[in-house]
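Take a look at the structure below.
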Amino acid sequence: MGIFDRLSTMLRSNINDLISRAENPEKMLNQLIIDMKSNLAKAKQEVASAIADEKKLQADAETMRKQAEDWERRAMLAVQEGRDDLAKQALLRYNEHLQGAQQLHETWVKHKAETESLKGSLRQLNDKIEEAKRKKNILVARARRAEAQHRIQETMSGMSDKSAFESFERMTEKIEDAERKAIASAELQEEFSGDQLMKQFEALEYHGSSDQQLLELKAKMGLLGAGGAKETRQIGKGGEDVHEAEVLEIEKDDHTQS
């Protein structure tokens, strides 16, 4: 199992565990980001170790190649000195180191390709984590909205017609009934309090006052004579009753005198 296969398995395990016991989506998402960053740090360490191994293979292959070159020069020196026996032994060492250098180089080439693949996977993992960090705030907002909608629905379902709304209507009717009773009580208090006889005479006096105002208005409009207007001013004063016939008689006398 590769590095990122192990990390993927670990992430899925952590995510499934968090989701199964998630009570606070925001807290869960924050924890997921923290776990992702932690696993990214581990992945970086693994990739860094792979890169170090790749560089060591490259250095070992280069060292082996230089050793092969050194044995080749020794073989040439032995030939120059007429020591073919030493030259043969040097060539054996040359071939041995050259073959080792080639094997190390091939191993290094393969390891380098794997390292580049790991670096690419690491960049993808980092990009996904950055994307998850950007999406986290949106997901948190959506989770809060969903929670608010859920609470509203629970509140609405709990407020049935037979509970709060009915109580509100009953209270409204109770207040209106109390208002009607207060108005009725005030009317009764006004009707059955004080001197009733005096109230009746006050009503009559008010009616006489209205007659007086009517006659004064007619006098002002020139419909009554001057004397008649003077007499009408005395209506309702001193307790005397003046009837309409008397007013007309006064008007008649005024016309005769003129």
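Structural remarks
- Looking only at region 34-43, and only at residues there that are surrounded by fewer than 15 Cβ atoms within 10 Å (Cβ to Cβ) and touching a residue at least 12 places away in the same chain (Cβ under 8 Å), the one that is farthest from Asn137 (Cα to Cα): Lys42
- Lone qualifier among Lys181, Lys133, Lys119 - being farther than 25 Å from Lys37 by Cα and out of contact with any strand residue (DSSP E or B) (no Cβ under 6 Å at 6 or more places or on another chain): Lys181
- Meets criteria (assigned to a helix (DSSP H, G or I), touching a residue at least 60 places away in the same chain (Cβ under 8 Å) and under 60 Å from the mean Cα position of the chain (by Cα)) for Glu106: no
- Residue check, Ser157 over 30 Å from Lys37 (Cβ atoms) and not hydrophobic (A, V, I, L, M, F, W, C): yes
- Matching option when the condition is in a helix (DSSP H, G or I) and modelled with pLDDT of 75 or more, among Leu204, Leu197, Leu215: Leu215
- Residues being surrounded by fewer than 14 Cβ atoms within 10 Å (Cβ to Cβ) and assigned to a helix (DSSP H, G or I) - total across region 77-94: 6
The values are calculated or read from the model by the stated rules, or taken from the named source; none is laboratory data. Here the structure is a predicted model, which means the values were calculated and not measured. Here Cβ is always computed from backbone atoms with ideal geometry, including for glycine, and neighbour counts include all displayed protein chains.
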